Amino acid sequence: MNKHDELSGTLVLVHPQLLTDPAEKKNQIGIIASAEIENDNVVVSFGSEGQALFSADALLVLKKPGSIHFDTLRDHLKMNTQDFKDLLKVGMLANSNLTKDHRQAIEISRDNPVVLEYSMASLEEELGLKQDYSVSR
């Protein structure tokens, strides 16, 4: 049994700044079909458009709702009102158990670089695979 089966069904956003995108899925939302993290292979399903293979750092997932909320409130003076409102909405949607709410949260994030930075992280980072922790805001 694959130890990352819990990832199946997770909504992901293909990184908007993906440098090599042979599947041409940049900035599209898909669902993880299967993941072999030890080989850095993540198969993402795009419904009727089929599946594509990505590495974990090419995919973005929603951060934990508490993290989105905390970071938004901490940095609210640095952002404009619309970004703040969008982030609060994304945090609420991310906190829902409904897939459609998660999809809506990702759609809001995808269209706004500020919201994206606060609300999404690479799958690699979320799984704790990323070795470089010197990321600064």
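The values are calculated or read from the model by the stated rules, or taken from the named source; none is laboratory data. Computed from a predicted structure; not experimentally measured. Cβ coordinates were reconstructed from backbone atoms using ideal geometry, including for glycine residues, and neighbour counts include every protein chain displayed. These area figures cover heavy atoms from the full protein model, side chains too; ligands, DNA and RNA do not enter into them. Shrake-Rupley method; radii C 1.70, N 1.55, O 1.52, S 1.80 Å.
The amide H of M120, built 1.01 Å from its N in the peptide plane, has K63 as neighbours under 5 Å, considering only residues 5 or more places off or on other chains. Computing FRET efficiency as 1/(1 + (r/R0)^6) for N41 and K64, where r is the C-beta to C-beta distance and R0 is 22 Å, gives about 0.35.
Using a simple charge model, +1 on the beta-carbon of Lys and Arg, -1 on the beta-carbon of Asp and Glu, nothing else, what dipole does region 1-78 show about its Cα centre, in debye to the nearest 20? Write out the running numbers ahead of the final one.
Working: 7 positive and 11 negative charges, 80 e Å.
In total the dipole reaches around 380 debye.
Select from G30, A52, I68 the residue farthest towards the positive end of the dipole of the chain; place +1 on Cβ of Lys and Arg, -1 on Cβ of Asp and Glu, and compute about the Cα centre. Of G30, A52, I68, it is I68.
Using the 1.4 Å probe convention, the accessible area of the chain works out to 59 Å² per residue with neighbouring protein chains retained.
Estimated from helical segments only, the mean residue ellipticity of the chain at 222 nm is -10000 deg cm²/dmol, where each DSSP H run of four or more residues counts as -39500 (n - 2.57).
Surface composition of region 1-61: carbon and sulfur make up 49 percent of the accessible area, probe 1.4 Å.
Of the residues V12, L88, A121, the one whose Cα sits farthest toward the positive end of the charge dipole of the chain, with +1 on the Cβ of Lys and Arg and -1 on the Cβ of Asp and Glu, is L88. Rounded to the nearest 20, the Cβ-based charge dipole of the chain about its Cα centre (Lys and Arg +1, Asp and Glu -1) stands at 520 debye. The residues neighbouring Q51, those whose beta-carbon lies less than 15 Å from its own, together hold a net charge of -3 under the Lys/Arg +1, Asp/Glu -1 convention.
Indicate the gyration tensor shape class of region 4-67 (rounded, prolate or oblate), computed on the Cα atoms with a ≥ b ≥ c the square roots of the eigenvalues: a/c under 1.5 is rounded; otherwise a/b larger than b/c is prolate and the rest oblate. Rounded shape, in that the Cα axes give a/c under 1.5.
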